[in-house]
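Visitor: Dumping the structure here so I can ask a few things about it.
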Amino acid sequence: MQKIAKEKNKLILVSGAASTRITNEGCNDITVHWTYDTYALANGTAKVLVKQGGKSWFFLTVDYVFGHSLEKDATDVILANGGTVVGSVRHPFPETDFSPFPAEGPGLGRPGDRAGQLPATTRSTRSSRQSGSASRRSSRLAGLLVFITDVHSLGLKMTQGMYLTEGF
């Protein structure tokens with residue numbers, strides 16, 4: 001859409017996409033990116049956690065372009081700041097059962113599902129907390145895309161101690 005808008009000299013306001021391509025290689029003088037992107041989300045959370053000692057990361061990532069991009073951007077930040085990524089698993093979207101996936105943290109590289117059902121972020125966070133693995137001192141949850149509605153859905157007990165970056 002950016003390319004077509006540029007060709008037609010029409011302003012484009014991007015408010016739902018989070019790809020860094022919008023503000024990097026697709027950047028032009030008539031596009032306004034009105035939301036977060038995977039670079040900002042990764043830097044806001046991963047960089048701070050690594051500097052606070054969260055050096056070892058494991059990703060539970062939604063298996064489509066957004067999830068891949070968010071995991072890549074977070075991995076770049078983690079490695080650049082002296083951390084390591086010990087592994088990752090990808091899950092289909094939407095996923096309802098996260099019990100087969102490891103619940104090690106930090107790093108929840110997936111967006112919430114805004115289609116009226118409980119978001120994937122809340123399901124996986126609840127699963128991690130209930131299994132007990134995310135409550136260990138050595139394991140923290142980093143929600144790379146978490147909305148206030150996710151926090152309300154889970155409640156303070158489940159989200160206490162979670163690290164996240166709010167895009168707005």
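Visitor: Suppose we filter PHE59, PHE93 for residues that are at pLDDT 85 or above and touching a helix residue (DSSP H, G or I) at 6+ places or on another chain (Cβ under 9 Å); which single one remains?
Guide: None of the other options fit; the residue is PHE59.
Visitor: Moving to a separate point now. Within the stretch 109-117, is there a residue that is at pLDDT below 85 and within 17 Å of ARG140 (Cβ to Cβ)?
Guide: Here is the first cut: in the stretch 109-117, the ones at pLDDT below 85 are 109-117.
After this cut, where a residue has to be within 17 Å of ARG140 (Cβ to Cβ) as well, the list is 109-110.
Yes, the stretch 109-117 has at least one match.
Visitor: Under 7 Å between Cβ atoms, at least 6 apart or on separate chains: pull out the pairs that start in the stretch 148-168 with a residue that is touching a residue at least 60 places away in the same chain (Cβ under 8 Å) and end on any residue that is open to solvent by less than 30 Å² (accessible area, probe 1.4 Å) and of a type in the set (S, T, N, Q).
Guide: Partner pairs satisfying both residue conditions: TYR163/THR45; LEU164/THR45; THR165/THR45; GLY167/THR35.
Visitor: So how many residues does the stretch 24-82 have that are part of a loop (DSSP other than H, G, I, E, B), surrounded by 14 or more Cβ atoms within 10 Å (Cβ to Cβ) and among the small types (Gly, Ala, Ser)?
Guide: Here the count works out to 2.
Visitor: Suppose we filter the stretch 133-146 for residues that are part of a loop (DSSP other than H, G, I, E, B) and either buried (at least 23 other Cβ atoms within 10 Å of the Cβ) or at pLDDT 85 or above (or both); how many remain?
Guide: 4
Visitor: Which residues, counting only those in the stretch 1-16, are more than 30 Å from GLY161 (Cβ to Cβ) and either open to solvent by 40 Å² or more (accessible area, probe 1.4 Å) or touching a Phe, Trp or Tyr at 6+ places or on another chain (Cβ under 8 Å) (or both)? Give the steps one after another, and end with the answer.
Guide: So in the stretch 1-16, the residues more than 30 Å from GLY161 (Cβ to Cβ) come out as 1-15.
Hits for the stretch 1-16 are MET1, LYS3, ILE4, LYS6, GLU7, LYS8, ASN9, LYS10, LEU11, LEU13, VAL14, SER15.
Visitor: Can VAL85 be described as in a helix (DSSP H, G or I), modelled with pLDDT of 90 or more and over 25 Å from GLY16 (Cβ atoms)?
Guide: For VAL85, the condition - in a helix (DSSP H, G or I), modelled with pLDDT of 90 or more and over 25 Å from GLY16 (Cβ atoms) - is not met.
Visitor: Another question, if that's okay. With GLY26, GLY16 as the choices, which residue is farther than 26 Å from VAL85 by Cα and in contact with a helix residue (DSSP H, G or I) (Cβ under 9 Å, 6 or more places away or on another chain)?
Guide: Unique residue meeting the criteria: GLY26.
Visitor: Also, quick follow-up: Among the listed residues ALA74, ALA40, which satisfies the condition of being within 19 Å of MET162 (Cβ to Cβ) and touching a helix residue (DSSP H, G or I) at 6+ places or on another chain (Cβ under 7 Å)?
Guide: ALA74
Visitor: Within the stretch 147-165, is even one residue surrounded by fewer than 19 Cβ atoms within 10 Å (Cβ to Cβ), of a type outside the set (Phe, Trp, Tyr), assigned to a loop (DSSP other than H, G, I, E, B) and modelled with pLDDT under 60?
Guide: No, every residue in the stretch 147-165 fails to be surrounded by fewer than 19 Cβ atoms within 10 Å (Cβ to Cβ), of a type outside the set (Phe, Trp, Tyr), assigned to a loop (DSSP other than H, G, I, E, B) and modelled with pLDDT under 60.
Visitor: Something else: Got a sec? Which of ILE22, ILE12 is more than 16 Å from LEU79 (Cβ to Cβ) and under 22 Å from the mean Cα position of the chain (by Cα)? Give the derivation first.
Guide: On the way: ILE12 fails: under 22 Å from the mean Cα position of the chain (by Cα).
Just a single option satisfies the conditions, and that option is ILE22.
The values are calculated or read from the model by the stated rules, or taken from the named source; none is laboratory data. In this text the structure is predicted, and so the values were computed from the model without any measurement. Please note: Cβ atoms are built from the backbone with ideal geometry, for glycine as well, and neighbour counts cover all protein chains shown. The accessibility values were calculated without ligands, DNA or RNA, using every heavy atom of the protein model including side chains. Shrake-Rupley method; radii C 1.70, N 1.55, O 1.52, S 1.80 Å.
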